[in-house]
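Asker: Take this structure first; my questions come after.
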Amino acid sequence: MEMKVQGEWIRNTYRVLKSFPFVIGILYFTEVSSRTRGLQTRFIHALDVRAVSDKIQKEQILSRDDAVFFPVREVFIENDILYQVFHRLEGKLLAHYLHQNTPLSISEMCWIVRGITSHLLRLYEEHQFTLVHPQNIVLAPGKAIRFLYGGPLGALPKGVGKGMGDFLDDRETDYLYDSYTLGVMIYHMLTGRNPMASGLFIPPVSTYCPNCPPELDELVTRAISFDIKKRPKIKEIARFLDRLAERVC
């Protein structure tokens, strides 16, 4: 998908101000003119769906869980590109926050990741999905966590080169992949480093974060293991962080 540049238009309504590569697709920062409110800004997510355009369920995207996802105000397809127009985005992308602030304290990591795991468990029960990635997470006011991309299983592609996430897929494998990406995120939060840049041998978190509790060290090592059978489930991670929060928060 070719990225639009500043000054180009989406649906002859939204004028592109900035473009950002996203974990899946592209995120645009745009402006739109309203007769009643004047000039307003909107973030828009764009995704090439030409291979699955007939399977996209726009109504389900609009009805996704607003307690977990940032609300979408409009969904449309133009030239095989799916656009999701968000309500006014309040907060800061986690990717931007981490770029400015890592390494984080253990207590700060705790409240962020506890919010993420709480939402993931809720999505699993509701048969919805998201992508666990700092680019897809917003730190909203009041220490709230919101995802940008995701929704009901079968409504959207699960990722680049992946299917639509229907109920016939191997959900347990997906859940353990969430554990992996969450482990990578925790590692980055506490060390400021990308564990994947270390090659086959990844030093434990405590190498760079001396005050890391041994139990947390072991949990993250398991989560980012290349052996999927060693990875803890999200529920185990959530329970551990609840216990840890009692000690450090």
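Asker: Region 32-126: which trypsin sites (Lys or Arg not before Pro) are DSSP loop and have at most 13 other beta-carbon atoms within 10 angstrom?
Answerer: Within region 32-126, the qualifying trypsin sites (Lys or Arg not before Pro) (loop, at most 13 other Cβ atoms within 10 Å) are 35, 37, 50, 88.
Asker: Let me ask something else about it. Compute the acute angle (0 to 90°) between the alpha-carbon long axis of helix 214-223 and the principal axis of greatest extent of the alpha-carbon atoms of the chain; round to the nearest 10°.
Answerer: So the helix axis and the longest Cα principal axis differ by about 50 degrees.
Asker: While we're here: Just checking my list [x] 0.94; [y] 1.31; [z] 0.98 against Rg/Rh (Cα atoms, Kirkwood Rh) computed from this structure; which label fits?
Answerer: Evaluating Rg/Rh (Cα atoms, Kirkwood Rh) on these atoms matches [z].
Asker: Looking at region 192-249, which chymotrypsin sites (Phe, Trp or Tyr not before Pro) are in a loop (DSSP not H, G, I, E or B) and have at most 12 other Cβ atoms within 10 Å?
Answerer: 201, 226
Asker: List the GluC sites (Glu not before Pro) within region 1-107 that fall in a DSSP loop (any state other than H, G, I, E or B) and whose Cβ has at most 14 other Cβ atoms within 10 Å.
Answerer: 2, 8, 90
Asker: What is the magnitude of the charge dipole of the chain about its Cα centre, with +1 placed on the Cβ of each Lys and Arg, -1 on the Cβ of each Asp and Glu, and no other charges, expressed in debye to the nearest 20?
Answerer: 560 debye
Asker: Divide by every residue of the chain the summed helix terms, -39500 (n - 2.57) for each DSSP H run of at least 4, and state the resulting mean residue ellipticity at 222 nm, rounded to the nearest 500 deg cm²/dmol.
Answerer: Computed mean residue ellipticity for the chain: -10000 deg cm²/dmol.
Just so you know, all these numbers are worked out from the coordinates, no wet-lab data involved. Small disclaimer: the values here were computed from a predicted structure and weren't measured. Virtual Cβ from ideal backbone geometry, glycine too; neighbours counted across all protein chains shown.
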